[in-house]
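Below you'll find the structure, written out as structure tokens, and then a few comments.
The values are calculated or read from the model by the stated rules, or taken from the named source; none is laboratory data. Computed from a predicted structure; not experimentally measured. Here the Cβ positions follow ideal geometry from the backbone for every residue, glycine too, while neighbour counts run over all protein chains shown.
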């Protein structure tokens with residue numbers, strides 16, 4: 001745990017997204033550990049969820065789930081009905097205009113520590129508003145708990161650091177879990193456009209349209225922006241503009257398998273594809289590797305700041321792994337990304 | 001009758017008698033030994049004075065039991081807090097009236113079963129003209145334009161269609177099981193909408209036999225509707241939420 005806190009401090013991240021590969025991989029355990037560590041250091045924390053956390057039982061498996069303890073002095077953003085039902089003593093600071101099926105989201109201060117259920121907004125813009133408000137109120141760190149396998153809270157628009165939670169419930173075998181996690185890591189660590197000039201024209205293209213085609217033009221680049229109602233609807237037009245001079249395609253929205261497949265039909269040597277950030281990548285491993293095997297590259301305008309991976313060797317359906325072996329295998333496969341089993345660490349400390 | 005809500009017990013014939021009835025099947029043929037086994041099972045469950053009220057042979061070496069007993073445990077009802085919210089429900093007429101008065105244009109709803117799901121019963125009940133349980137479907141609402149795209153619609157296609165039709169709301173139906181694949185198909189739509197900059201422009205609503213408000217929040221949807229939902233529940237939500245947003249914008 002100390003090491004994870006040190007990474008957060010060294011990288012000076014203030015808004016941290018905890019995202020998961022799927023359900024039951026230990027997102028809330030990681031959240032609780034961070035809450036406890038920040039409390040020990042007397043740092044003010046702001047809590048919000050991209051989904052729904054802290055309930056006693058899992059809605060689908062009916063198994064008990066880890067609950068969330070909000071310490072005194074923290075801030076929490078949660079739906080009105082959860083505010084009313086919290087065991088922690090909360091004071092209403094302000095009511096947002098973000099609606100959920102459990103009422104408008106309220107920003108509360110924790111007067112006396114206790115259990116709380118966090119029900120958050122379904123949108124990145126909502127999370128962004130709530131984190132900004134909690135920072136303004138005096139939160140020093142904000143923890144954004146993820147939901148199921150959703151990644152959007154890792155967007156640089158909302159958070160400046162991300163912790164990825166993974167675990168045994170992700171797949172039928174340990175190797176499968178390792179493989180799926182390693183692939184997600186590869187996507188999340190998509191490099192930024194290193195060439196300053198190319199980055200500049202890519203940004204220009206997206207400022208003017210939903211997608212853009214970048215052409216080589218002597219020593220420099222020329223960009224043609226394509227306007228559409230949503231970026232996906234600009235793809236066909238963009239690809240139709242492919243020529244020998246095409247230096248890159250820039251897509252302002254989601255990058256899905258079909259786009260890459262169509263691109264590879266155009267040419268045996270596909271040009272690089274630039275996306276806004278890694279939360280826009282919806283590629284499957286097969287398509288991704290066919291593209292990269294042909295020399296295709298994917299780059300991002302903004303980088304996701306992946307801090308660490310936390311792992312959970314247990315699975316609610318009973319398929320558990322030996323924690324030491326799992327940790328060693330994950331550490332090896334994901335190197336140099338730091339990997340932690342926070343529960344195992346806690347046990348070792350207690351011994 | 002004074003009920004202590006901090007210590008409630010099951011009720012049978014008189015207050016606080018703790019009487020309960022349980023039933024189960026044992027993999028043994030009916031008989032005196034089976035009856036005793038059932039009684040012991042009930043004792044292990046913590047029931048006091050268990051009595052086998054009914055034993056029936058199920059054939060193939062199985063037998064079924066109904067047992068009465070007393071459960072001495074108490075529950076503190078006063079300490080239970082469940083987050084809950086009353087959903088506004090309007091009638092067919094009220095919904096149309098509200099759209100005419102407050103929105104002043106037709107409300108566009110696009111519905112589909114996404115991914116590999118081909119269970120269209122739910123979405124058909126909500127959308128189709130004839131409706132369900134005496135409530136007309138959204139197609140019948142004069143102030144709504146409802147499009148049912150059918151089953152196995154890919155998420156990206158659904159979003160593109162919603163943009164083309166200028167949809168106010170997207171309604172997806174999915175039979176969620178414990179298998180993560182169904183959940184992940186639902187979350188993918190939310191993530192795609194976010195990546196495409198559409199998330200704040202359209203209401204995302206999910207429905208299905210396992211879907212609740214809480215699960216909808218977890219999935220990232222604006223609302224979720226489970227079993228027992230009628231078309232006017234969905235229409236009421238969409239209309240009231242659009243009006244709320246319109247008012248918030250004009251503030």
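For region B:88-100, does any single residue satisfy the condition of being crowded, with 17+ Cβ neighbours inside 10 Å, closer than 30 Å to residue A:117 by Cα and in contact (Cβ under 8 Å) with a residue 60 or more places away in the chain?
yes
Residue B:183 fails exactly one of the following numbered conditions: (1) in contact with a helix residue (DSSP H, G or I) (Cβ under 9 Å, 6 or more places away or on another chain); (2) under 26 Å from residue A:117 (Cα atoms); (3) more than 9 Å from chain A (Cβ to nearest Cβ). What is the number of that condition?
Just one mismatch for residue B:183, condition (3).
Residue under question is residue A:207, and the condition is that it be modelled with pLDDT of 95 or more, surrounded by fewer than 18 Cβ atoms within 10 Å (Cβ to Cβ) and in the same structural domain as residue A:105 (by TED's automatic domain parsing); does it hold?
No.
If only one of B:154, B:231, B:209 is away from chain A (no Cβ under 12 Å) and either surrounded by fewer than 24 Cβ atoms within 10 Å (Cβ to Cβ) or farther than 22 Å from residue A:120 by Cα (or both), which one is it?
When all the criteria are applied, what remains is B:231.
Please state which one of B:194, B:218, B:214 is facing chain A (nearest Cβ under 9 Å) and in contact with a helix residue (DSSP H, G or I) (Cβ under 7 Å, 6 or more places away or on another chain).
That would be B:194, the only listed residue that is facing chain A (nearest Cβ under 9 Å) and in contact with a helix residue (DSSP H, G or I) (Cβ under 7 Å, 6 or more places away or on another chain).
Yes/no per residue for (1) surrounded by 11 or more Cβ atoms within 10 Å (Cβ to Cβ); (2) closer than 27 Å to residue B:7 by Cα; (3) more than 14 Å from chain A (Cβ to nearest Cβ):
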| site | (1), (2), (3) |
| --- | --- |
| B:48 | yes, yes, yes |
| B:53 | yes, no, yes |
| B:58 | yes, no, yes |
| B:71 | yes, yes, yes |
| B:80 | no, yes, no |
| B:83 | yes, yes, no |
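Every residue in region A:229-249 that is within 14 Å of chain B (Cβ to nearest Cβ) and either on the phi > 0 side of the Ramachandran plot or touching a strand residue (DSSP E or B) at 6+ places or on another chain (Cβ under 7 Å) (or both), please.
Matches in region A:229-249: A:231, A:234, A:235, A:237.
If we scan region A:245-257, do we find a residue that is part of a helix (DSSP H, G or I), outside the structural domain of residue A:151 (by TED's automatic domain parsing) and crowded, with 20+ Cβ neighbours inside 10 Å?
No, region A:245-257 has no match at all.
Conditions: (1) in a helix (DSSP H, G or I); (2) out of contact with any helix residue (DSSP H, G or I) (no Cβ under 6 Å at 6 or more places or on another chain); (3) surrounded by 19 or more Cβ atoms within 10 Å (Cβ to Cβ). Residue A:176 meets all but one. Number of the miss?
(3)
Go through region A:23-56 and give me each residue that's in contact with a strand residue (DSSP E or B) (Cβ under 8 Å, 6 or more places away or on another chain) and within 14 Å of another protein chain (Cβ to nearest Cβ).
Of everything in region A:23-56, those that are in contact with a strand residue (DSSP E or B) (Cβ under 8 Å, 6 or more places away or on another chain) and within 14 Å of another protein chain (Cβ to nearest Cβ) turn out to be A:24, A:25, A:27, A:28, A:48, A:49, A:50, A:51, A:52, A:53, A:54, A:56.
Filter region A:299-311 down to the residues that are under 21 Å from residue A:247 (Cα atoms) and within 14 Å of another protein chain (Cβ to nearest Cβ) and list them by number.
Within region A:299-311, A:300, A:301, A:302 meet the criteria.
Conditions (1) in contact with a helix residue (DSSP H, G or I) (Cβ under 7 Å, 6 or more places away or on another chain); (2) assigned by TED's automatic domain parsing to the domain that holds residue A:33; (3) under 15 Å from residue A:28 (Cα atoms), marked per residue:
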| site | (1), (2), (3) |
| --- | --- |
| A:311 | yes, yes, yes |
| A:315 | yes, yes, yes |
| A:319 | yes, yes, no |
| A:322 | no, yes, no |
| A:325 | no, yes, no |
| A:328 | no, yes, no |
| A:331 | no, yes, no |
| A:337 | yes, yes, no |
| A:342 | yes, yes, yes |
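Results for (1) more than 14 Å from chain B (Cβ to nearest Cβ); (2) within 29 Å of residue B:206 (Cα to Cα), shown as yes or no for each residue.
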| residue | (1), (2) |
| --- | --- |
| A:90 | no, no |
| A:96 | no, yes |
| A:108 | no, yes |
| A:141 | yes, no |
| A:148 | no, yes |
| A:154 | no, yes |
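Out of A:166, A:159, A:190, A:131, report the one residue that is in contact (Cβ under 8 Å) with a residue 12 or more places away in the chain and assigned to a helix (DSSP H, G or I).
When all the criteria are applied, what remains is A:131.
Filter region A:148-173 down to the residues that are surrounded by fewer than 23 Cβ atoms within 10 Å (Cβ to Cβ) and within 20 Å of residue A:333 (Cβ to Cβ) and list them by number.
Across region A:148-173, the qualifying residues are A:149, A:169, A:171, A:172, A:173.
Going through region A:13-58 one residue at a time, which ones are under 18 Å from residue A:160 (Cβ atoms) and without any contact (Cβ under 8 Å) to a residue 12 or more places away in the chain?
Answer for region A:13-58, where residues must be under 18 Å from residue A:160 (Cβ atoms) and without any contact (Cβ under 8 Å) to a residue 12 or more places away in the chain: there is none.
Please return the ranges of strands (runs of 3 or more DSSP E) entirely within region B:156-251 where 2 or more residues are over 15 Å from the mean Cα position of the chain (by Cα) and in contact (Cβ under 8 Å) with a residue 60 or more places away in the chain.
B:169-173
Residue check: is residue B:145 farther than 24 Å from residue A:55 by Cβ and in contact with a strand residue (DSSP E or B) (Cβ under 7 Å, 6 or more places away or on another chain)?
So residue B:145 fits the description; yes.
Please indicate, with yes or no, whether at least one residue in region A:273-292 is more than 23 Å from the chain's Cα centre (by Cα) and in a loop (DSSP other than H, G, I, E, B).
Looking through region A:273-292, none of the residues is more than 23 Å from the chain's Cα centre (by Cα) and in a loop (DSSP other than H, G, I, E, B).
Is it the case that some residue within region B:90-111 is assigned to a strand (DSSP E or B) and out of contact with any helix residue (DSSP H, G or I) (no Cβ under 9 Å at 6 or more places or on another chain)?
No; the residues of region B:90-111 include none that is assigned to a strand (DSSP E or B) and out of contact with any helix residue (DSSP H, G or I) (no Cβ under 9 Å at 6 or more places or on another chain).
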